[in-house]
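Notes to accompany the following structure.
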Amino acid sequence: MTKTNLARTLREPSELVAEHLAPATALPALERVAARYAVAITPALVELIDNSDPDDPIARQFVPTAAELNVQPGENADPIGDHPHSPVPGIVHRYPDRVLFKLVHVCAVYCRFCFRREMVGPGKDSALSDDAYRAAINYIRSHSEIWEVILTGGDPMVLSPRRMSEIMTDLAAIDHVKVIRLHTRVPVADPARISGEMVAALKVEGATTWVAVHANHARELTGPARAACARLVDAGIPLVSQSVLLRGVNDTIAALSDLMRAFVECRIKPYYLHHGDLAPGTAHLRTTLAEGRELMRRLRGRISGLCQPDYVIDIPGGAGKSPVGPNYVLAAQNTAPDARDVASETRYRIVDYCGEVHLYPPGA
């Protein structure tokens, strides 16, 4: 059935049913989901959903399902351990030279796999209070080891250009802050927000701005999304990508290749491919590590080196990210006819992207 032309974000399960994004029979379950986890699908993303396809990869990311009510053992409301590393509200200081600065707790769109799904959305604190903001700025100012500040949330790009300019100026005025990075879905979810005023707000004297754009399927990089990204790049703001490996969305070599190529076409350098976090009610969207590692092995030989992201897992409890891609260097092997001649004949075993093993001298 045909969707109407929307001018507003869908936020209620009844609206999803009215737009034929969910069946009427699912409404009671979806209302239970929405009572716990925020729902929002922007017009730009509604337009992308093929509601004739029950397995549509865009719908899987944004349309809630009853599966979210099934919480599995090991799933956690704070799956990557933000809270233990939060010295003041709004700040997460997990790594020595950088901090997360969580400015807002709202997003333009809510992903069904979000690792902060228990902390964001209506009913939560929408933004830091003035006092909390000042305390966070003072924390950054008092820690000279902080070289990079990562603006996150929620999504910082839901802020107005005026407010964004104030924040960027405050951070750039701190001598030891040299890089300000923003993590955002907005170029995909609401491209019109990336206006000339917003782009100007992101450029400040004294610090370099980077933007990490989150997308999980090549179809998300529409003409308007590509134009929004181009406005940032043309202004001298470098872009990197962030994606999550999701079952039924990008867990095939074809889908993953298309996504990474689309990023590079948009002048976005593929950066992180995240393994799905252990957020409550997200098991139906997670792959296994073994599946992810095999996809990365196959990706290596299929597409350009420009298109290769790092496959990482956020270790539960707050220990940080760790690369978990395939290992191409196997144990060394002695290939000498006389096994006692170890020094001259020991070789590393290196696996190519086709799975073939090659010997390489360790001293070379």
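The values are calculated or read from the model by the stated rules, or taken from the named source; none is laboratory data. Since the model is a prediction, treat every value here as computed from it, not as a measurement. Please note: Cβ atoms are built from the backbone with ideal geometry, for glycine as well, and neighbour counts cover all protein chains shown. Just so you know, the surface numbers come from the protein's heavy atoms only, side chains and all, with ligands and any DNA or RNA stripped out. Shrake-Rupley method; radii C 1.70, N 1.55, O 1.52, S 1.80 Å.
Things to note:
- If you wrap region 83-136 in the convex hull of its Cα atoms and look at it from every side, the mean projected area works out to 4.4 nm².
- Cα gyration tensor, region 197-255 - rounded (a/c under 1.5), prolate or oblate: prolate
- Close lysine pairs were tallied over the chain: pairs 8 or more places apart or on different chains with Cα atoms under 21 Å apart number 8.
- Split the accessible area of the chain by element, probe 1.4 Å, and carbon with sulfur accounts for 54%.
- Relative contact order for the chain: 14 percent, from Cα pairs under 8 Å spaced at least 6 residues apart, divided by residue count.
- Translational diffusion coefficient (Stokes-Einstein; Kirkwood radius from C-alpha pairs) of region 186-303 at 20 °C, 1.002 mPa s, in µm²/s: 141 µm²/s
- The structure-derived value of semi-axes √(5λ) of the Cα gyration tensor in Å appears in the list (1) 40, 22, 18; (2) 36, 28, 21; (3) 35, 24, 19 under the label (2).
- Model label sites at residue 27 and residue 348, defined 7 Å from Cα along the beta-carbon direction, differ in position by 6.2 nm.
- Low-density loop positions, GluC sites (Glu not before Pro), region 183-289 - DSSP coil, at most 15 other Cβ in 10 Å: 205
- Annotation note: GluC sites (Glu not before Pro) in region 64-166 located in DSSP loop regions with a Cβ neighbour count of at most 15 within 10 Å are 145.
- Excluding ligands, DNA and RNA, the accessible surface per residue across the chain is 45 Å² with a 1.4 Å probe.
- Principal-axis tilt of helix 289-302 within the chain, Cα atoms, nearest 10 degrees: 70 degrees
- Cβ-Cβ FRET estimate between residue 264 and residue 135, R0 fixed at 56 Å, reported to 0.05: 0.90
- Euclidean distance between Cα centres, region 1-75 to region 130-153, Å: 36 Å
- Furthest towards positive pole of dipole, 323, 308, 272, structure part region 263-325, Cβ charges: 308
- Rounded to the nearest 20 debye, the dipole size of region 72-142 about its Cα centre is 180 debye, using +1 on the Cβ of Lys and Arg and -1 on the Cβ of Asp and Glu.
- Approximate spin-label separation residue 359-residue 192, in nm, with each point projected 7 Å along Cα-to-Cβ: 6.6 nm
- What the Cα atoms of region 254-318 give is an Rg and a Dmax of 12.9, 36 Å.
- Using Cβ point charges alone (K and R +1, D and E -1), the dipole size of region 163-244 about the Cα centre works out to roughly 300 debye.
- Close amide H pairs (under 5 Å, H built 1.01 Å from N) link residue 210 with 180, 181, 182, residues at least 5 positions away or on another chain.
- Against the chain, whose longest principal axis comes from its Cα atoms, helix 130-142 is set at around 30 degrees.
- With Cα atoms, 0 to 90° folded angle of helix 161-172 axis to the chain main axis: 40 degrees
- Taking the Cα centre of the chain as reference, the dipole from Cβ charges on Lys and Arg (+1) and Asp and Glu (-1) amounts to some 280 debye.
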